[in-house]
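This report refers to the structure that appears directly beneath it.
The values are calculated or read from the model by the stated rules, or taken from the named source; none is laboratory data. Only a predicted model underlies this, so the values are computations on that prediction, with no experimental measurement involved. With ideal geometry, Cβ positions are generated from the backbone for all residues, glycine too; neighbour counts draw on all protein chains shown.
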Amino acid sequence: MKVLLEMRPALDGHSGIPQETRLLYRGLAGLPGVEVVGLLQSGNLVIESGLPTRRGAPDPARDASRDIDRLSAVVVSLQQGPASHRFEHLRRRLLQLGGPMAAIAASLVGRHEPLTAFDPTHFKDFVWRGLFAKSLPAEDFEAVTAGQFRIMRWPWSALNALGVASSWFGRAMYPRLDTAGMDVMIAETPYPGRVRRGTRLVVRYHDAIPLTMPHTVKDRGYHRSMHLQALRRNAADGAWFACVSDATRSDLLSVLPEVEKRSVTIPNMVSHHFVPETESAARVPEVIWSRKNRRAPHGGGAPVAPQDIVNGRLHYLLMVSTIEPRKNHLALLDAWEHLRTQDHPHLNLVLVGGIGWDNDAILRRFSPWLERGGLHLLEGVPADDLRLLYRHASVTVAPSFGEGFDFAGVEAMRSRGVVAASDIRVHRDVYADAAAYFSPYAPQELAQLLRELMADEGRPRIEALRRSGDEVAARYLPERVMPQWGEFLRRVVS
């Protein structure tokens, strides 16, 4: 079975969908009877074409330098900087829209958008560091850099934009990719494209938040329409859906009940980096200082105050998430302020994640504490350091209003941390009895729960949560999840 896997998310980010994409590629590469091919496509950039995929016998007279030069141009195009002059900027804009429009027009007369080949033989450093290194251990280097890759030239965002625009005239239109030879294509979100007859499309469905919680996403109206139009087209083309949680599958079926028999739940996988942490807490203040988001207000916060290190240990609450409204940072901030002023004057708050969107009100609330000290904004924390933070946090808090899966709690459990989570269905589905729950709309309830967990009387409950966390987090190990993928793919192609 030959599987084409969309790799676009792996070009960006540490966790979430980018991490899942890397883990899935590695997992598929290890499944018996499966050959995985990575699909290279940029979110916003036009990529140079690669090599032809249909060649005859090798030509000994062929100039190998031309092939290497062509593939080198692909690498450069995936990492374009700003256009250096007006003509170049205009050329890029014309390609970004003109190319996808031509591809859609060709599809209307039965032609397919070609996917060219990228041979990683001379570009293993780029493939490893550009796609995989943020999530996979170095032992996987050879396995993931020895595979095949295909190139889709046109930007994912431009294909979505044209789908939204054409939907105004009654039907969203997308190009049909030349997926000849591929039994399955797995897209990491609803995909703005169609596959060739003979290829099954599988959509890895992470959440329906653009539809069910549109007030929490950026570019709300556009993002909602972009998601819905691609989702409808995929479903109408007979796509299958691999949902990351039962809650997400339920949301999908509320939108498209007709795909019930073509949808399953296969959970996300936890990275190999997250194992029971044994290092002492002594290095935590150093990690906090070295990983500050220096672009954030007040440089991400003052250093850890010496008086906050009590008996050689910093006591802190941890949250790992992009700073944006759906994640509910303000409820945690309210609870932390209450605890710090009432019961725990040396308790710190550590927030790990990039600065997302619609967060002016959040950052304004953060600002006095970042200047005064006690609150820390971190970014780009590597998995080994993040594991240390999970293990030694008094509690890792996942207060979100809505999620599709929520990696942070599972990663904390694997690191032998303690988790408190908002009482939403997806958290109950994914974390089961390994988390303590609170209403995301009641900061006082969260404060009381944290107070109970951090009290001496809460130690038995903490240990019980750790034991349950060991069992629950093990459900998301690759060796438990990949057999589910194998069974599902056999069903899809049968």
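Per-residue answers, yes or no, for (1) over 19 Å from the mean Cα position of the chain (by Cα); (2) within 22 Å of residue 439 (Cα to Cα):
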{"position": "331", "(1), (2)": "yes, yes"}
{"position": "343", "(1), (2)": "yes, yes"}
{"position": "355", "(1), (2)": "no, no"}
{"position": "370", "(1), (2)": "yes, no"}
{"position": "389", "(1), (2)": "yes, no"}
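Does region 298-310 hold any residues that are out of contact with any Gly (no Cβ under 9 Å at 6 or more places or on another chain) and either small (Gly, Ala, Ser) or closer than 13 Å to residue 379 by Cβ (or both), and which are they? Within region 298-310, 299, 300 meet the criteria.
Rundown of residues vs (1) among the β-branched types (Val, Ile, Thr); (2) in contact (Cβ under 8 Å) with a residue 40 or more places away in the chain; (3) not assigned by TED's automatic domain parsing to the domain that holds residue 27, yes/no style:
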| site | (1), (2), (3) |
| --- | --- |
| 231 | no, yes, no |
| 237 | no, yes, no |
| 245 | no, yes, no |
| 250 | no, yes, no |
| 258 | no, no, no |
| 262 | no, no, no |
| 285 | no, no, yes |
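For region 162-208, which residues satisfy the criterion of being among the small types (Gly, Ala, Ser) and either buried (at least 20 other Cβ atoms within 10 Å of the Cβ) or not in a loop (DSSP other than H, G, I, E, B) (or both)? 163, 165, 166, 167, 172, 187, 193, 208 - these are the residues of region 162-208 that are among the small types (Gly, Ala, Ser) and either buried (at least 20 other Cβ atoms within 10 Å of the Cβ) or not in a loop (DSSP other than H, G, I, E, B) (or both).
Of the residues making up region 129-147, those that are part of a helix (DSSP H, G or I), more than 15 Å from residue 5 (Cα to Cα) and in contact (Cβ under 8 Å) with a residue 12 or more places away in the chain are 130, 140, 141, 143.
Please state which one of 134, 124 is farther than 25 Å from residue 241 by Cα and either among the small types (Gly, Ala, Ser) or touching a Lys or Arg at 6+ places or on another chain (Cβ under 9 Å) (or both). Every option except 134 fails the conditions. Going by the structure shown, is residue 425 among the charged types (D, E, K, R), in contact with a Ser or Thr (Cβ under 7 Å, 6 or more places away or on another chain) and assigned by TED's automatic domain parsing to the domain that holds residue 290? Considered against the rule, which asks whether it is among the charged types (D, E, K, R), in contact with a Ser or Thr (Cβ under 7 Å, 6 or more places away or on another chain) and assigned by TED's automatic domain parsing to the domain that holds residue 290, residue 425 comes out as no. Can you find a residue in region 275-289 that is among the basic types (Lys, Arg) and either buried (at least 16 other Cβ atoms within 10 Å of the Cβ) or under 24 Å from residue 21 (Cβ atoms) (or both)? No, the conditions are met nowhere in region 275-289. Among the residues of region 449-470, those identified as farther than 20 Å from residue 428 by Cβ, without any contact (Cβ under 8 Å) to a residue 40 or more places away in the chain and in a helix (DSSP H, G or I) are 456, 457, 458, 459, 460, 463.
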